[in-house]
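To keep things clear, I will list the structure first and then write my remarks on it.
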Amino acid sequence: MRINRNHIKFSCLFLAIIALYGFADYRHKAKPVADISINFFGENNLYLTEEAVNKLLIQNYGSLKNRPKEQVVLNTIERLIESNEMVKNAQVYLSIKGELISKIVQKKPIGRVEGISKFYLDDQGKRMPLSRYHSARVPIITGKITGKSLEDAYIILDYINKDDFLRKNVVGIHVEDEGKYQLKLRIENFVVNLGGVENLDEKFENFMAFYVKASKDKTLEDYVAVSLEFDNQVVCTKI
């Protein structure tokens, strides 16, 4: 019986590679976490700090630095960070050098509710707690705060944030009742009675037409209220 030496060499080489890979993998897992890096992405406003994230990790896992890599469960750490009400999403991974890196995207507030409860409304229409580290400059939502009025306020704010003029000049939404909303502007003394959230394109087109004409005529200061509640009409109330 002839023995194929090439097959033997190939088998030995294959076993050696597996052994080396297993040894390297063992050494890699046994290596400790060299350092921890926490990075925030998106806006620079930090509603959550690196110190706060480190404290969250220590409270749940103790110190992760110098811990063997095989004891670090990345998915579990991601879920823990994402459980913080300031966090939109998080990615956690280990670098080749053994650094535990967290990439965190914070939630973005677009409105601030001032009522019995005080909180932000984020860009997904969800509640976001106020931060002890930073206060966002966003429109203030006041009045009769209900689940429905918050849904409508989100629709209004989402629309406003897509328009440069409205985003810069609308500083508040007052809820007179569900389906009856009032906008407060930064630069003028009058308020805008919006009504409900239906036909926002038409309502704001009418408002901008009024605003441009009144600015040209220098009569903006003559008005205290502008109503957009009626179809194809802008009803103004003078001082």
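At a glance:
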{"item": "Number of positions in segment 135-149 that are surrounded by fewer than 21 Cβ atoms within 10 Å (Cβ to Cβ) and more than 16 Å from the chain's Cα centre (by Cα)", "result": "8"}
{"item": "All positions within segment 180-212 that are modelled with pLDDT under 90 and open to solvent by 80 Å² or more (accessible area, probe 1.4 Å)", "result": "ARG186, ILE187, ASN189"}
{"item": "Any chance ASP152 is touching a residue at least 40 places away in the same chain (Cβ under 8 Å) and either part of a loop (DSSP other than H, G, I, E, B) or open to solvent by 20 Å² or more (accessible area, probe 1.4 Å) (or both)", "result": "no"}
{"item": "Test: residue in segment 75-91 that is open to solvent by less than 50 Å² (accessible area, probe 1.4 Å), outside any loop (DSSP other than H, G, I, E, B), at pLDDT 60 or above and under 19 Å from ARG132 (Cβ atoms)", "result": "yes"}
{"item": "Whichever residue in segment 92-108 is assigned to a strand (DSSP E or B) and of a type outside the set (A, V, I, L, M) and, among such residues, is farthest from SER131 (Cα to Cα)", "result": "GLU99"}
{"item": "Index of the failed condition, PHE204 passing every other in (1) under 20 Å from ILE110 (Cα atoms); (2) in contact with a strand residue (DSSP E or B) (Cβ under 7 Å, 6 or more places away or on another chain)", "result": "(2)"}
{"item": "Residue among LYS118, LYS103 that alone is closer than 29 Å to ILE160 by Cβ, of a type outside the set (Phe, Trp, Tyr), more than 11 Å from the chain's Cα centre (by Cα) and open to solvent by 50 Å² or more (accessible area, probe 1.4 Å)", "result": "LYS118"}
{"item": "Matching residues, segment 46-70, being of a type in the set (Asp, Glu) and either at pLDDT 90 or above or under 11 Å from LEU80 (Cβ atoms) (or both)", "result": "GLU50, GLU51"}
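The values are calculated or read from the model by the stated rules, or taken from the named source; none is laboratory data. These numbers were taken from a predicted model, which means no experiment stands behind them. Quick reminder, even Gly has a Cβ in these numbers, built from the backbone with ideal geometry, and neighbours come from all protein chains shown. Protein only, heavy atoms only, side chains kept; ligands, DNA and RNA dropped before computing areas. Shrake-Rupley method; radii C 1.70, N 1.55, O 1.52, S 1.80 Å.
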